[in-house]
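What follows is calculated from the coordinates using simple rules that are stated; it is not laboratory data. Computed from a predicted structure; not experimentally measured. Neighbour counts are summed over all protein chains in view; Cβ atoms, including those assigned to glycine, are modelled from backbone coordinates with ideal geometry.
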Amino acid sequence: MNQNSVYAITSAGTKKGELFFADVNTQLKNKNVTTDIKWTDSNLFTTITVDEPAPVLKAIFSFRVPDQMSGKIELQYLHEYAGISSSIGLTANPVVNFSGVLGTNVLALGTDISFDTKTRNFTKCNTGLSFSNVDLIASLALVDPCFHMGPIASQPMRTPSGTQHAIDPLTMVKARVNNVGMASAVIQHEWRPKSLFTISGEVDTKSIDKSPKVGLALALKP
């Protein structure tokens, strides 16, 4: 075998009652190409990863036998201030996925989108914004604000936003609210090392006649 190649085989078995389940994993590395093959009782999973076919890029090809609809190609781009992943199914009417994050450890913006070419609809459209510093973490998310080529969906878009603040080194306050009127808050105090006391509450601000939900939790660690 080529001196640049690495080859490994592992196997495992599990017995459940009278049944015995086994799988075999094989990995072959040759320069920047890694091939992973996993065989189970009824399926063969194959993933081929190419590191840096171009600078800062990674390409991944995967499929499962005998599922002829499982083939997928994915491209990943990694940078100090950005990460992007895009994939497409290898079918006549594939689902196209795109996700990406842009920012720093203080401020970041991300999105996750899926488009079904068969129905010509966006099946997933999520966007998020986050801010973080020493004692404050805040975030805003748009969950499934999709638009459709066909009839407009009646499901309302949810827009949650939240914040987290350290009152002192041992006490943390978290709050969250969304556009449909649900508000929640959590107060967490570390009363001894690795032991936490938590009070949480949730209220529907559009139905104040309903009783709010209140929770208490105590976590003890030796």
For this session: Using only the Cα atoms of the chain, build the gyration tensor, take square roots of its eigenvalues as a ≥ b ≥ c, and label the shape rounded, prolate or oblate: rounded if a/c is under 1.5, else prolate if a/b is larger than b/c, else oblate.
Result: prolate
Seminar exercise, completed: Whole-percent tail of the Cα-Cα distance distribution for segment 88-128, cut at 17 Å, equals 40 percent
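Which whole-number percent gives the relative contact order of the chain, counting Cα pairs below 8 Å spaced six or more residues apart?
Working: 500 pairs, mean separation 15.4, N = 222.
Rounded, it is 7 percent for the chain.
Can you give me the Kirkwood hydrodynamic radius for segment 160-222, using every pair of distinct Cα atoms, in Å to one decimal? Let's see the in-between values first.
Details: mean 1/r = 0.0781 Å⁻¹.
About 12.8 Å for segment 160-222.
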Exercise. Once you charge only the Cβ atoms, +1 for Lys and Arg and -1 for Asp and Glu, what is the size of the charge dipole of the chain about its Cα centre, to the nearest 20 debye?
Worked result: 280 debye
Problem set entry | Rg over Rh [alpha-carbon atoms, Kirkwood Rh] for segment 6-116 | 1.08
Problem set entry | Among 97, 121, 133, residue whose mean-square fluctuation peaks in a GNM of the chain (springs only between Cα atoms under 10 Å) | 133
Exercise. With springs only between Cα atoms under 10 Å, which of 55, 193, 66 fluctuates most in a Gaussian network model of the chain?
Worked result: 193
